[in-house]
Every structure is written in structure tokens, then in C-alpha cells.
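Some notes on the structure that comes next.
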Amino acid sequence: MLNDKLKNHHLILASGSPRRQEFFKNLGLDFEIRLKPIKEEYPPRLTHFEISNYLAQLKALPFKAELNTKDILITSDTIVWHNNKAIGKPHDRRDAIEILKTLSDSTHEVISSVCFTTTNYEKTIHNITKVSFESLSDDEIEYYINTYKPFDKAGAYGIQDWIGQVGVTKIEGSYFNVMGLPTHLVYKTLNSIAEST
């Protein structure tokens, strides 16, 4: 349906995340995957969704010079916001354990930003979901880290994994946003791009 509306466009997903790629397939979209390495650093003055917005836009920069008029480049970033601090991907096993201990028995926010870039404009959207964890034991945290190795995930966990099934008590907002992409907003934004071009 949306794919028909976008037939005059060429979607480029700049993400190595298998989950984001799967979401695009599930939305019925034809797209190309294009990757470029980037250092995910942001100015310390930024807070909350400003961080994920900045990083999503930063990821678009290396591609801008090579975009054609029909291209829509999609870049995104997800962070966990907890105790007024941004939590990204864990550096190592010890860091992952410490992150999950911090998230245990509390509520945090998962913020995903998506940047849509063409040759003549750029639009960035973001979505926020609140996730509550019950108290996780050291054994549960160790088991999860050792079994699932969530080192590529913001906040050191995947809600679709074992830990989401046994530890998450409440979600306020989009489940898919916690997995890394606010699919409803991506769909809506691509629809509006298709209708305006």
C-alpha cells in the first residue's frame, strides 16, 4: 500500500540493525541498506530527545553528498534515559551488568529518533516510551547477559528477549519504539512525504 505511494522514490535505510531492517520488510517497503561508519558522539549540553535527534541527524551527514533526487535516506538512533542520564550501548560485559542493575526496580524512558533526508529537506521525529522493570536478581542479570549478549542494544537489553518477558512489568507507549523504531510514526511520515511529492 505505502510502497505503491512511494514508487517514485528510492528508500535507503542506513542501519545495520536486523530489527530495524525487519520492521521495514514488515511494513511492505522496498529499500536498500547502505552503511557508513560513524562515531556516535554528541555535545554534553544536549539532553533527552535532543541526543537521539542529534545522533540520527549525524548519521545522515556522510550520505548527503551522494543522494539523488528520488532518494529518501532514513537514519535513526535509540537511547535509554534514566535518572537524567543517557544510556547507550554497553561498552563491555561489566558495563552491561551495571546498566541492568541501575534499571532494575525502576522506570526509564526509551527514546528513538528517526531522520528523513532528501536532497532538499530533512525531517526528524522522535518517540518516547516508558518501561518499568521489577527487581532483577544478580543471577537473572548474569544469566541474561551471558545467554543473550545484548552489547548492541541501548540500555543493555532487548524487550523482545527473555528479560523483557520476565522483568518488564509495564509499558507506556509504543512497544516497537523500545525495539528501536517507532514504526507507526515512520509509516505516517513516509505517507506524508509520498503525498507531498
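General observations
- Of all residues in the stretch 124-175 being of a type in the set (Phe, Trp, Tyr) and within 22 Å of residue 85 (Cα to Cα), the one that is farthest from the chain's Cα centre (by Cα): 133
- Scan of the stretch 174-197 for residues that are touching a residue at least 60 places away in the same chain (Cβ under 8 Å) and either part of a loop (DSSP other than H, G, I, E, B) or more than 22 Å from residue 75 (Cα to Cα) (or both), ordered by number: 180, 181, 182, 197
- Only one of the numbered conditions (1) over 13 Å from the mean Cα position of the chain (by Cα); (2) at pLDDT 95 or above; (3) small (Gly, Ala, Ser) is violated by residue 14, and that is (1).
- Applying the condition of being charged (D, E, K, R) and under 15 Å from the mean Cα position of the chain (by Cα) to the stretch 77-94 and asking which residue is farthest from residue 155 (Cα to Cα) yields 77.
- Residue among 141, 128, 159, 171 that alone is hydrophobic (A, V, I, L, M, F, W, C), touching a residue at least 24 places away in the same chain (Cβ under 8 Å), in a helix (DSSP H, G or I) and crowded, with 16+ Cβ neighbours inside 10 Å: 141
- Which listed residue is outside any loop (DSSP other than H, G, I, E, B), more than 19 Å from residue 111 (Cα to Cα) and in contact with a helix residue (DSSP H, G or I) (Cβ under 8 Å, 6 or more places away or on another chain), from 29, 11: 11
- Condition met for residue 59 (outside any helix (DSSP H, G or I) and of a type in the set (Lys, Arg)): no
- Residue check for residue 72: under 13 Å from the mean Cα position of the chain (by Cα), surrounded by 17 or more Cβ atoms within 10 Å (Cβ to Cβ) and in contact (Cβ under 8 Å) with a residue 12 or more places away in the chain: no
- Residue match in the stretch 143-155 (condition: aromatic (Phe, Trp, Tyr) and out of contact with any Pro (no Cβ under 8 Å at 6 or more places or on another chain)): yes
- Flag set for residue 147, criterion: at pLDDT 95 or above and either assigned to a loop (DSSP other than H, G, I, E, B) or more than 25 Å from residue 72 (Cα to Cα) (or both).
- All positions within the stretch 174-196 that are crowded, with 21+ Cβ neighbours inside 10 Å, among the hydrophobic types (A, V, I, L, M, F, W, C) and farther than 18 Å from residue 106 by Cβ: 176, 179, 181, 186, 190
- Odd one out for residue 40 among (1) at pLDDT 95 or above; (2) assigned to a loop (DSSP other than H, G, I, E, B); (3) of a type outside the set (Phe, Trp, Tyr): (1)
The values are calculated or read from the model by the stated rules, or taken from the named source; none is laboratory data. What you see is a predicted model, and the numbers here were worked out from it, not measured in a lab. Glycine gets a Cβ as well: all are built from the backbone with ideal geometry, and neighbour counts include every protein chain shown.
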